[in-house]
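S.K.: Here it is: the structure, laid out below.
Just so it is clear, none of the values below were taken in a lab; they were calculated from the coordinates. Bear in mind that the values here come from a model prediction, so they are computed numbers and not experimental data. No Cβ is skipped: glycine too gets one built from the backbone with ideal geometry, and neighbour counts run over all protein chains shown.
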Amino acid sequence: DGGITQSPKYLFRKEGQNVTLSCEQNLNHDAMYWYRQDPGQGLRLIYYSQIVNDFQKGDIAEGYSVSREKKESFPLTVTSAQKNPTAFYLCASSTGDGGELFFGEGSRLTVL
Amino acid sequence: RKEVEQDPGPFNVPEGATVAFNCTYSNSASQSFFWYRQDCRKEPKLLMSVYSSGNEDGRFTAQLNRASQYISLLIRDSKLSDSATYLCVVKNAGNNRKLIWGLGTSLAVNP
């Protein structure tokens, strides 16, 4: 079945460590996105990519990095520079018109 | 003023009830509107797009009022499985990739 796979589902890390969250899609979508969701806040866009080897910062890119070397893959690295990394991270993809987003099941990161 | 505002609820309704949610948006140039559903600790999923003429999908009806800048979602004959958070999403003109997400309205359907 086509879809988006995020891993790991749960992750615990010590403060100061970099963490990479995986996102893979087999929907043949051009666009991919990373969002962060915190309690009491709406989804906030971290980074997005419309095409391979290209990506743009979203609203809260500081402390994060991404790469888009393959159409299917859009990993997110949460660096030690991110002040409040504990959150629910959601990866999504869409066709070129940016309409419906298809989300992965999310990754819950807890920094201790 | 937030770009997209929703009543957070929670809305507690009995099974079979009709419930309506509203969502207001601040940018009059907004071009596309959506309702997503998010179950507790899960990912959002598209419930329906909202068209200018209004649209219906089974028990769900979405409407758009551009003059007053709000969209609505009506759920008829509520089921226990409708319990979730409903997210209003607006896409602004001029930036095809930016969606503005509301905080969501929580619905609990009780037996």
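S.K.: Suppose a student asked you for the relative contact order of chain B, using Cα pairs under 8 Å spaced at least 6 residues apart; what percent would you report?
M.R.: Over chain B, the number comes to 37 percent.
S.K.: What is the Cα centroid distance between segment B:1-68 and segment A:30-92, reported in whole angstrom?
M.R.: 25
S.K.: Determine which lysines satisfy two conditions relative to B:LYS98: a Cα distance under 16 Å, and not lying fewer than 8 residues away in the same chain.
M.R.: Here the lysines satisfying the reach criterion relative to B:LYS98 are A:LYS57, B:LYS2.
S.K.: Restricting to bridges with both residues inside chain B, how much of the DSSP beta-bridge set is antiparallel, in percent to the nearest 5?
M.R.: Around 90 percent antiparallel, to the nearest 5.
S.K.: Can you run phi through the Karplus equation (6.51, -1.76, 1.60; θ = phi - 60°) for segment B:42-50 and list ³J(HN,Hα) in whole Hz, with x for Gly and Pro?
M.R.: 10, 7, x, 9, 5, 8, 6, 7, 10
S.K.: Next question. Can you list the HN-Hα couplings for segment A:4-15, worked out from phi with the Karplus curve (6.51, -1.76, 1.60; θ = phi - 60°), rounded to whole Hz and with x for Gly and Pro?
M.R.: Using θ = phi - 60°, the values come out as 10, 10, 10, 8, x, 6, 10, 8, 10, 9, 7, 4 Hz.
S.K.: Moving on to the next point. Excluding residues on the same chain fewer than 8 positions from B:LYS79, give the aspartates and glutamates whose Cα lies under 13 Å from its Cα.
M.R.: B:GLU15
S.K.: Using only the Cα atoms, what convex hull volume per residue in Å³ does the protein assembly as shown have?
M.R.: 131
S.K.: Might you list the cysteines of chain B that have no disulfide-compatible partner by the rule of another cysteine's Cβ under 4.7 Å?
M.R.: B:CYS40
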